[in-house]
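Worksheet: the structure to be examined is printed underneath.
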Amino acid sequence: MLERATRGARIVRVELRRPDLRRPFPPDFVSRLTGHTIQSIDRRGKYLLAALSSGETLLVHLGMSGAFRTERPRSSTRRSHPADPHDHVVMALSSGVIVTFNDPRRFGLMDLIRANDQHEALRGMGPEPLAETFDAMVLARACVRKRVALKVLLLDQRLVAGVGNIYASEALHHAGLSPRRRASTVATPAGAPREAAFKLAAGIKAVLRKAVVANARTYESGRFRVYEREGKPCPRTHCTGTIRRITQAGRSTYYCPVCQR
Ligand SMILES: [Zn+2]
């Protein structure tokens, strides 16, 4: 949606409504964007990469609550609704489209880089979970002989890009697998996928597909299966379990001890 609205358009005006998001904007951010054309938009994990005609790439991390909104205001009428205090970056494009970055919790990030591999966060990143190249075989090969807990391994961006702490819990619940299970249990010693690997690959894809749709609208809380639902009944049909919170590698994990094995 964002891609269709922006590709091939020139950035004619950039307005920053604050000096930073999670980190300050890069030096001369406005002048390095203004006048340049957006040639393509790609995703890598939770990063959005917009290649510009200047040779630089605009890198955006949406954080916890960041989202882009595109509008095409009619030239004759001024926008009547009041400005949202969480609209931090507003870009006007030559196509007439206004692109606004809204981020209530401000964990988002924007940077300008020369090439994709220059940014430390993008180096050595695993396959995209929604790409066809990510499946149970890839997952099993990455888990073979790994003694670490399955949920901890899922957070390793070298295994699969863009599965953060929230979606690791969500995907494991979807798959009916315990987060405490040793990662090696989803693969045979030779690295072939067991049934659990197929369930987990499907679970990861399902929750991320849902997340992409939700992010495309607005940030909605209360759309999670287990995340931040400690003490609440398990949402799985016929399951009598109660969601529990544990800490693994310093991060919260939410799961149902009854249906996740
Ligand atoms: Zn359950």
Subject >> Cβ-Cβ under 9 Å pairs, at least 6 apart or on other chains, region 156-167 side closer than 17 Å to M64 by Cα and of a type in the set (F, W, Y), far side open to solvent by less than 40 Å² (accessible area, probe 1.4 Å) and part of a loop (DSSP other than H, G, I, E, B) >> reply: Y167/P129; Y167/Y227
Original post:
Regarding A197, is this residue part of a helix (DSSP H, G or I), open to solvent by less than 10 Å² (accessible area, probe 1.4 Å), of a type outside the set (S, T, N, Q) and within 16 Å of the ligand (Cβ to nearest atom)?
Top reply: no
**OP:** Of the numbered conditions (1) at pLDDT 95 or above; (2) within 16 Å of the ligand (Cβ to nearest atom); (3) open to solvent by less than 30 Å² (accessible area, probe 1.4 Å), A187 fails exactly one; give the number of that condition.
**Re:** (2)
Original post:
Only one of V148, V152, V144 is among the β-branched types (V, I, T) and either under 14 Å from the mean Cα position of the chain (by Cα) or under 21 Å from G63 (Cα atoms) (or both); which?
Top reply: V152
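Give the residue that is farthest from the ligand (Cβ to nearest atom), with candidates limited to residues of region 236-256 that are assigned to a loop (DSSP other than H, G, I, E, B) and in contact (Cβ under 8 Å) with a residue 40 or more places away in the chain.
Among those that are assigned to a loop (DSSP other than H, G, I, E, B) and in contact (Cβ under 8 Å) with a residue 40 or more places away in the chain, it is A249.
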Original post:
Does any residue of region 211-226 turn out to be open to solvent by 20 Å² or more (accessible area, probe 1.4 Å), assigned to a helix (DSSP H, G or I), of a type in the set (K, R) and within 16 Å of the ligand (Cβ to nearest atom)?
Top reply: no
Original post:
Scanning for something open to solvent by 30 Å² or more (accessible area, probe 1.4 Å) and assigned to a loop (DSSP other than H, G, I, E, B), does region 163-172 turn up at least one residue?
Top reply: no
Original post:
Can you tell me which residues in region 27-52 are in contact (Cβ under 8 Å) with a residue 40 or more places away in the chain, open to solvent by 20 Å² or more (accessible area, probe 1.4 Å) and not in a strand (DSSP E or B)?
Top reply: R32, K46
**OP:** Just give me the residues in region 203-233 being out of contact with any helix residue (DSSP H, G or I) (no Cβ under 7 Å at 6 or more places or on another chain) and modelled with pLDDT of 90 or more, in sequence order.
**Re:** K205, E228, R229, E230, G231, K232, P233
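The values are calculated or read from the model by the stated rules, or taken from the named source; none is laboratory data. Predicted model only: the values in this text are computed from it and were never measured. All Cβ positions, even for glycine, are placed from backbone atoms using ideal geometry, and neighbour counts span all protein chains on display. Accessible surface is based on the protein model in full, side chains and every heavy atom, while ligands, DNA and RNA are left aside. Shrake-Rupley method; radii C 1.70, N 1.55, O 1.52, S 1.80 Å.
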